[in-house]
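Shown next, in C-alpha cells, is the structure this report addresses.
The values are calculated or read from the model by the stated rules, or taken from the named source; none is laboratory data. In this text the structure is predicted, and so the values were computed from the model without any measurement. Note: ideal-geometry Cβ built from the backbone for every residue, glycine included; neighbour counts use all protein chains shown. Only protein heavy atoms, including side chains, enter the accessible area calculation; ligands, DNA and RNA are left aside. Shrake-Rupley method; radii C 1.70, N 1.55, O 1.52, S 1.80 Å.
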Amino acid sequence: MSDTVLKAAAAIRNAKRVVALTGAGASTESGIPDFRSPGGIWETYPPDEFATIEAFTANPDRVWTMWHELGASLLDVAPNPGHRALAEMETLGHLHAVITQNIDNLHQAAGNTKVIEYHGNARRLHCMACRVRKPMPLDQPRAGAPRCDCGGVQKPDVVLFGELIPPHAMFEAEALAQGCDVMLIVGTSAQVYPAASLPVTAKKHGATIIECNIERTDFTAELSDHFLAGPCGTTLPALLSALRD
Ligand code: BV8
Ligand code: ZN
C-alpha cells in the first residue's frame, strides 16, 4: 500500500464529511471515452460545433448525430471497480455525496444514493418549447432531433456550453463543497466551469483535497494535498482497502 494511499485514507477516516467530485475519467474504464484525452469525444465532435446550446438551437438534427453516438455508447455500460469503490465508501460511512459532471448514471447504478448530476443526465429528454422532461429511449435509432408531443424540439437533458447548471444542482453542490472536510476529485481535467470552481471552494473552506487521475491537472499543482496517480479503477479500490484495514 503506497504511503500516499495510506495518508489519503487517514484523512478520509478522520473526516466528518467526505464529498467526491467526478468527471469523465471515472467512466473510461467502463468503456465510455472521455472528452479531452487523445481519442476522446471532442476529437470527433468539436465542442463548439456539437456541445453548445447555440449549435444545438441552430441545427438540432446535426448535433443529434453526436448524441446518438454518445447514447449508443451508454447502452450496455456498467459501473467499473472505481464506481463500486465509491459506492462501498458510502456504505461504510466514508462518503457523504458524489457531485458528478458525468451524464451516464453509473454512480447510481453502482449504488451511490446521494448523487448530484451537475451536468444533467443523458437518459432524459428535455423539450425546448414546453420544458417537459421525459426518459430518453437510448436504443431508439435517431435520424435527427426527436420532437415532443407539443411539436417542440427535444434536447438531451444535459447541460450544454452556454447553458446554466440546473439551479438545484448548483446550490446543493456549492453547499456540499463549503461543508466538506475532504473532497475526493476523480478523473476530471479541471477545465470546465463552474464545476472546476467547486474544489477551490472546498479548499477555501479548509477541506483536504485528494485527487485521482492518470495525469497531473491544474488542481494537482494548486489544490491537491494527496495525488493518487493511476487509473481510478485501481486507485479507488486501493483507497477502499486502506479504509477497511
Ligand atoms: C455556464 C455537455 C453560465 C454534457 C459539457 C472562459 C473561462 C471560464 C469559463 C468559460 C469561459 N468561456 C465559457 C465559459 C463557460 C463554459 C466553460 O467552462 N468553458 C470552458 C471549456 C472554458 N461553461 C459553461 O458554459 C457552463 N455553463 O457557465 O453557464 C453561462 C450561461 C450563459 C452564457 C455563458 C455562461 C456549462 C458547462 C457544461 C458543459 N457541458 N458537456 C456532456 O457531454 O457531458 S462539458 C464536458 O466537460 C462534460 O460535461 C464533462 O463533464 C466536462 C468536464 O470534462 P471532464 O469530466 O473533466 O472530462 P475530460 O475528458 O476533460 O477529462 C477527463 C480526465 O480524466 C482527464 O484529466 C484524464 O486524464 C482523466 N482520466 C481518464 N481516464 C481516467 C482518468 N483518471 C483516472 N482514471 C482513469 N481511468
Ligand atoms: Zn414540448
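Brief remarks on what is shown
- Screening segment 199-218 for residues that are hydrophobic (A, V, I, L, M, F, W, C) and open to solvent by 10 Å² or more (accessible area, probe 1.4 Å) and picking the one that is farthest from Leu160 (Cα to Cα) gives Ile214.
- Test: residue in segment 81-103 that is touching a strand residue (DSSP E or B) at 6+ places or on another chain (Cβ under 6 Å), part of a strand (DSSP E or B) and within 16 Å of ligand 2 (Cβ to nearest atom): no
- Residues that are over 17 Å from Trp67 (Cα atoms) and among the aliphatic types (A, V, I, L, M) within segment 17-44 comprise Val18, Val19, Ala20, Leu21, Ala26, listed in sequence order.
- Which listed residue is more than 11 Å from ligand 1 (Cβ to nearest atom), open to solvent by 40 Å² or more (accessible area, probe 1.4 Å) and either out of contact with any strand residue (DSSP E or B) (no Cβ under 6 Å at 6 or more places or on another chain) or of a type in the set (Lys, Arg) (or both), from Glu49, Glu43, Glu54: Glu49
- Any pair with Cβ under 9 angstrom, 6 or more apart, that starts in segment 106-121 at a residue that is within 16 Å of Val77 (Cβ to Cβ) and ends at one that is within 16 Å of ligand 2 (Cβ to nearest atom): Asn121/Met136; Asn121/Pro156; Asn121/Asp157
- Residue within segment 67-79 that is buried (at least 22 other Cβ atoms within 10 Å of the Cβ), at pLDDT 95 or above and over 22 Å from Arg147 (Cα atoms) present: yes
- Residue identified as within 16 Å of ligand 1 (Cβ to nearest atom), in the same structural domain as Pro60 (by TED's automatic domain parsing), crowded, with 18+ Cβ neighbours inside 10 Å and among the hydrophobic types (A, V, I, L, M, F, W, C) among Ala190, Ala145, Ala196, Ala238: Ala145
- Taken as a whole, segment 149-162 holds no residue that is closer than 24 Å to Leu236 by Cβ, assigned to a strand (DSSP E or B) and either outside the structural domain of Thr52 (by TED's automatic domain parsing) or open to solvent by less than 10 Å² (accessible area, probe 1.4 Å) (or both).
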